[in-house]
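Reviewing the structure listed below.
The values are calculated or read from the model by the stated rules, or taken from the named source; none is laboratory data. The model shown is predicted, which means the values in this text are computed figures rather than measured ones. Heads up, the Cβs are rebuilt from the backbone with ideal geometry, glycines too, and the neighbour counts pull from every protein chain shown. Heads up: the accessible areas ignore ligands, DNA and RNA and are worked out on the full protein's heavy atoms, side chains in. Shrake-Rupley method; radii C 1.70, N 1.55, O 1.52, S 1.80 Å.
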Amino acid sequence: MSSFRGKGSSSSGRATPARGNTCLNCRRRRIKCDGQRPVCRPCSTSVSYGDCEYPELGGGMTRTQALEEQIAVLESRIQQLEDPGHPGGAILLAQPYASPASPGMSCMNLRRHALTIFLGGSPLAVNEGVSELSTVVQAVLQNSAEIGFFLHPHRFIHSLSSSHPHGRPLIALMSCILLWGSHLYASNGVNRHESTILARALRDTAQGLASGHPQAVMHCIQAEVLLSHYFYRQSRFVEAKYHTSTAVSITLSAQLHKTRSADAPSHAPALPPPADAVEEGERINGFWTVFILSSCWSAVDGSPSPFPYPSSPEARVDVPWPLDIGSYAQVPRPPDLRCRGTLQRFLDNQDDSGTSMLALHAKASVLFTQASRIVQGYRPGMNQQQTATFFGCYNAFQTTIENFTAKLPAPTTSATAVVTHSLAHAAMIRIHAPFLSMNPASRGRMADSMRALVRIIDAVDIPGLPVVDSIIGMIWARSCQVLIPEMPNAPAHLLASILSVMERMRARYPVINDQLVEVRAAQAALG
């Protein structure tokens with residue numbers, strides 16, 4: 001730790017910034033801060049103080065601290081509703097015509113009142129405090145793509161103020177959003193209420209489908225996805241896989257994979273027709289979000305994909321590639337648009353309209369999953385015909401990866417774009433890794449993909465991004481496991497760059513920390 005403090009406190013030749021321009025971490029640690037935003041140098045090089053924030057609000061309060069205060073109020077209200085006898089459980093009711101600043105309702109009670117309304121309280125003052133809840137929701141949804149939130153954000157936030165319980169979001173989904181809010185906006189990654197909110201979220205989600213809510217199916221899928229991402233980030237893989245499997249099960253039961261299918265349905269639809277293009281878009285994006293989540297993590301742990309291809313007509317994915325959620329209302333899909341074999345058409349290099357960021361992410365996850373399936377098809381000692389068949393598929397798939405990566409936009413500062421590029425490069429590394437010792441060309445292809453992976457790390461300040469899909473830690477760890485045995489021949493800076501970015505992110509991502517420990521152990525075993 002002394003080396004990190006030395007970097008943070010060394011002089012950079014700049015004047016010491018004024019107190020208001022010094023981040024809170026450096027102020028607490030009593031070291032010099034260079035005032036760089038969004039992350040100052042001392043924080044960027046520290047393992048323990050990666051969350052760099054500056055006072056933005058009146059009274060020296062940061063945005064995170066303001067969110068923490070709001071989250072704490074919501075947590076407190078949940079506890080009060082579960083235990084009415086808990087001290088401080090009483091809520092002061094406002095006079096109908098009293099101003100918010102009147103003694104009838106303090107600012108704190110106004111916030112509590114907002115959650116009371118949401119959890120089923122009186123609808124008479126439904127608009128009085130919903131903005132407090134909306135603030136937390138909006139903060140979490142700024143990272144919607146990275147945590148798998150696929151519903152239309154503006155509609156969702158607007159629904160918080162509905163006067164009817166069935167017009168508001170499912171309680172299970174709100175519990176999961178508050179869980180993420182508690183996790184993301186806790187000071188230095190510590191929140192004493194997080195375990196309580198998690199327990200509440202798990203209980204509510206287990207009961208979600210039985211709630212009678214008109215959006216129970218879609219909201220339960222969304223809740224399960226949020227829980228899955230949360231547990232993967234925490235390196236709690238058994239629980240993560242459980243909730244991923246539940247999301248897949250509900251998705252398939254609701255036939256989201258047959259949205260806009262060219263084939264007649266084999267049985268009655270589980271969901272009523274969508275009310276409009278946005279609601280249909282939520283179903284399409286919901287399917288692809290679950291597909292990405294389940295496919296990537298299945299490829300990592302070697303389990304069978306729940307969406308195999310090729311597959312039977314009943315299991316085949318016949319849904320259009322997704323649009324950005326805001327595009328469905330602006331550019332509605334033609335009523336007669338129908339799909340068949342979406343995944344196979346992509347793997348056959350047929351042109352399609354899947355160019356949104358979510359569509360590219362889904363395609364990269366297809367490549368990542370298919371790479372593992374193809375490699376598993378190779379067996380030493382295959383006869384000439386089997387070998388020819390295998391390498392025919394192998395070479396065609398390699399061309400698909402090359403065509404896909406060539407058309408990708410630059411990753412810039414988008415966390416989803418970073419993961420999309422990384423998945424595609426990881427797919428190329430995966431198909432060449434088994435042949436490094438027998439084929440010099442494979443070693444060259446692997447090295448090229450490693451360099452491309454490291455260029456992303458060098459070009460984008462990934463540790464400075466608010467949230468990144470935890471699968472990135474697994475991609476980096478698997479890449480290191482391929483590189484380590486090749487170190488006598490591979491450029492040393494490739495491994496060093498990957499280990500460096502993992503080191504910087506380990507404090508915020510337990511999954512990356514655990515993977516880094518395994519990589520270091522493998523490195524030490526080889527001397």
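Give me the distance in nm between label points sitting 7 Å out from Cα along the Cα-to-Cβ direction at Val331 and Ala459, one decimal.
Label at Val331, label at Ala459, 2.3 nm between them.
Could you state how much accessible area Thr389 has, in square angstrom rounded to the nearest 10, with a 1.4 Å probe and all protein chains kept in place?
Approximately 80 Å² of Thr389 is accessible to the 1.4 Å probe.
Can you list residues whose amide H is under 5 Å from Cys339's amide H, if they're 5+ apart or on another chain and H is modeled 1.01 Å from N?
The list, which skips near neighbours in sequence, is Ser261, Ala262.
For segment 335-446, place one equal point scatterer on every Cα, skip the solvent, and apply the Debye formula. What is log10 of I(q)/I(0) at q = 0.20, 0.22 Å⁻¹?
Result of the Debye calculation: -1.10, -1.25.
Does a label point 7 Å from the Cα of Ala410, set along Cα-to-beta-carbon, have any residues of segment 448-487 with amide nitrogen under 19 Å, and which are they?
451-465
Along the positive direction of the dipole of segment 379-451 (beta-carbon charges: Lys, Arg +1; Asp, Glu -1; about the Cα centre), which of Gln386, Val418, Pro434 reaches farthest?
Looking along the dipole axis, the top candidate is Pro434.
Using just the alpha carbons, could you tell me how many Å³ per residue the convex hull of segment 153-279 encloses? Mind dumping the intermediate values first?
Working: hull volume 17.1 nm³, N = 127.
Looking at segment 153-279, the number lands at 135 Å³ per residue.
What is the pair-distance distribution P(r) of segment 431-527, computed from all Cα-Cα distances in 10 Å bins starting at 0, with each bin given as a whole percent?
Using 10 Å bins, I get a P(r) of 15, 49, 30, 6, 0 for segment 431-527.
Return the sequence-ordered ³J(HN,Hα) values of segment 275-291 in whole Hz as given by the Karplus equation 6.51 cos²θ - 1.76 cosθ + 1.60 applied to θ = phi - 60°, using x for Gly and Pro.
Computed from phi, the couplings for segment 275-291 are 5, 7, 5, 5, 5, 5, x, 5, 5, 5, 5, x, 4, 5, 5, 5, 4 Hz.
Hey, how many Å between the Cα centroid of segment 433-485 and the Cα centroid of segment 168-185?
When both Cα centres are located, 34 Å separates them.
At 1.4 Å probe size, with every protein chain present, just tell me what the per residue accessible area of segment 215-332 comes to in Å². Spell out each step's value before the answer.
On the way: 4340 Å² over 118 residues.
Value for segment 215-332: 37 Å² per residue.
Per 0.36 nm of contour for each residue apart, how much would the distance between Asn403 and Gln385 grow if the chain were fully extended, relative to their Cα-Cα spacing?
3.8 nm
Pop the C-beta distance of Met357 and Ser163 into the FRET formula with R0 = 45 Å and round what comes out to the nearest 0.05.
Rounded to the nearest 0.05, the efficiency is 0.80.
Quick check: at a probe of 1.4 Å, how many percent of the accessible area of segment 201-262 sits on carbon and sulfur atoms? Show your work: numbers first, answer last.
Values: 1260 of 2210 Å².
Here it works out to 57 percent.
Give a residue-ordered list of calculated ³J(HN,Hα) values for segment 23-35 (Karplus: 6.51 cos²θ - 1.76 cosθ + 1.60, θ = phi - 60°; whole Hz; x for Gly, Pro).
Karplus-based 3J(HN,Hα) across segment 23-35 equals 5, 5, 4, 5, 5, 5, 7, 6, 10, 6, 10, 7, x Hz.
So, R0 is 25 Å and r is the distance between the beta-carbons of Asp301 and Ala199; what FRET efficiency does that work out to, to 0.05?
With a Förster radius of 25 Å, E is 0.45.
Hey, could you get me the Stokes-Einstein D for segment 248-309, Kirkwood radius over alpha-carbon pairs, 37 °C and 0.692 mPa s, rounded to whole µm² s⁻¹?
Approximately 258 µm²/s, per Stokes-Einstein.
In sequence order, what are the phi-derived ³J(HN,Hα) couplings for segment 177-182 according to the Karplus relation 6.51 cos²θ - 1.76 cosθ + 1.60 with θ = phi - 60°, rounded to whole Hz, with x for glycine and proline?
Residue by residue, segment 177-182 yields 5, 5, 4, 5, x, 5 Hz.
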